[in-house]
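The values are calculated or read from the model by the stated rules, or taken from the named source; none is laboratory data. Because the structure is predicted, anything quoted here is derived from the model rather than measured. Because the Cβ atoms are built from the backbone with ideal geometry, glycine has one as well, and the counts that use them run over all protein chains shown.
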């Protein structure tokens, strides 16, 4: 039976397009600034982003997740009141965030052993007050199945942000401070833009006061906040230790290499965004477990079939990709890139939407806290024993994989099914084996015939060859790599018929 235009796949497609544009533009920004700043200055800029990213989770207080949980349970008029309430809270938290950055910039600079951070963070400090109230776009539009607006918002706002950050540096040979000036200006524009978009689902709707108290909101969001803080503690431990014990230059190499592929993040973020309100609705309506399991497995298979071949390609051609993106100066970033890629075999498992929608937020919180408590002493021990930033990065990935496996097991217990009922091991293994066979064939012949050519055309050619051979040979492995795109193609055909 054909899926409707508002199907989860199509909604995820639009969310994914928004995520892809966000992360792609972030990569472009990093690639440009890497070439215009020296390693020390670029390392300082990335440290500012690290501090912002870490504190951002704390001051967001789990509030953006509230939209996906509550909006599917209320009508539009009440939803408008919920959006206003959460917006006021985000504005207040943004003010506290900015004040904290300004007042504690010197302390943070001492902790990270970079005096220049004190100046940079002071200039950066007004930005959180402007950007925090913009959060929640994804939860609002995914709840009302209007994900196209997420793609439009993210693509437009991130493109404008890229231009304002990069242009002062490129045209006027500016420093990282000039990049921050661009951030400040574009943050004002983004705030105006976001407020307009948040009102789109409620045009012509009069807000109806909802009996949802701030106490109820925080009772849901605070455990998420604590889990998020623990999550940040887990993922940022390696950034802290590498920044503090190995210096700004090594941190710059690590920051450019230890990244997620935009396409991978696009798919996982889109899937999580779309399924969160869907799971919330199913649990609220006490729907049966089979629908939840079906949704989970379908999302996992579609994610794996799109992500795994790409991850394997990036692992094999990591050296060429790093040099192409960041220049030969960052060739040493390759090892971090390959290590980070292995996490993508596991982080396609999206346990958070199901656990949060089921109301098991305290369990979710507690598991994150326990793992966070263990991560820091373990990684510190690795620093003392191996004195290697690579060992720290490897340990970080290993611990993240363990966290995913533990949470997946708990997820299976929540919906009372066997863990192997949730994870389609056979099809996932087939995708990995098929991709390895094809990439080995492509790599062998490209090394023989294309080694003397420039990197960009070679990468394009081998990627096209890899994709073509993957699609052609897929039927021998009973795989359909275009399966996730079928609903999108059907949507295109329906719209074409309407035009005709």
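To keep it simple, each residue is scored yes or no on (1) farther than 22 Å from residue 356 by Cβ; (2) modelled with pLDDT under 70.
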| site | (1), (2) |
| --- | --- |
| 16 | no, yes |
| 36 | yes, yes |
| 71 | no, no |
| 78 | no, no |
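Residues are listed down the side, and each one gets a yes or a no for (1) without any contact (Cβ under 8 Å) to a residue 24 or more places away in the chain; (2) part of a helix (DSSP H, G or I); (3) at negative phi:
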position	(1), (2), (3)
192	yes, yes, yes
195	no, yes, yes
201	no, yes, yes
212	no, no, yes
216	yes, yes, yes
228	no, yes, yes
232	no, yes, yes
275	no, yes, yes
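Do we find that residue 121 is in contact (Cβ under 8 Å) with a residue 60 or more places away in the chain, over 22 Å from the mean Cα position of the chain (by Cα) and within 17 Å of residue 54 (Cβ to Cβ) in this structure? Yes: the conditions hold for residue 121. Within segment 157-173, residues that are at positive phi and in contact (Cβ under 8 Å) with a residue 12 or more places away in the chain reach partners that are surrounded by fewer than 19 Cβ atoms within 10 Å (Cβ to Cβ) and in a helix (DSSP H, G or I) with beta carbons closer than 9 Å, at six or more positions or on different chains, in the pairs 173/36.
Residues checked against (1) surrounded by 13 or more Cβ atoms within 10 Å (Cβ to Cβ); (2) touching a helix residue (DSSP H, G or I) at 6+ places or on another chain (Cβ under 7 Å):
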| position | (1), (2) |
| --- | --- |
| 186 | yes, yes |
| 191 | yes, yes |
| 194 | yes, yes |
| 203 | no, no |
| 206 | no, yes |
| 209 | no, yes |
| 217 | yes, yes |
| 221 | yes, yes |
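Quick one: would you say residue 251 is surrounded by 20 or more Cβ atoms within 10 Å (Cβ to Cβ), assigned to a helix (DSSP H, G or I) and touching a helix residue (DSSP H, G or I) at 6+ places or on another chain (Cβ under 9 Å)?
Numbers: surrounded by 20 or more Cβ atoms within 10 Å (Cβ to Cβ): yes; assigned to a helix (DSSP H, G or I): yes; touching a helix residue (DSSP H, G or I) at 6+ places or on another chain (Cβ under 9 Å): yes.
Taking the combined requirement at face value, the residue satisfies it.
Could you tell me whether any residue of segment 284-291 is crowded, with 18+ Cβ neighbours inside 10 Å and assigned to a helix (DSSP H, G or I)? Step through it out loud before you land on a result.
The initial filter retains those residues of segment 284-291 that are crowded, with 18+ Cβ neighbours inside 10 Å, namely none.
No, segment 284-291 contains no residue that is crowded, with 18+ Cβ neighbours inside 10 Å and assigned to a helix (DSSP H, G or I).
On the given criteria, is residue 128 closer than 19 Å to residue 200 by Cβ, in a helix (DSSP H, G or I) and modelled with pLDDT of 85 or more?
On the way: closer than 19 Å to residue 200 by Cβ: no; in a helix (DSSP H, G or I): yes; modelled with pLDDT of 85 or more: yes.
For residue 128, the condition - closer than 19 Å to residue 200 by Cβ, in a helix (DSSP H, G or I) and modelled with pLDDT of 85 or more - is not met.
When we screen 350, 361, 370, 406 for residues that are out of contact with any helix residue (DSSP H, G or I) (no Cβ under 7 Å at 6 or more places or on another chain) and modelled with pLDDT under 90, the only hit is 370.
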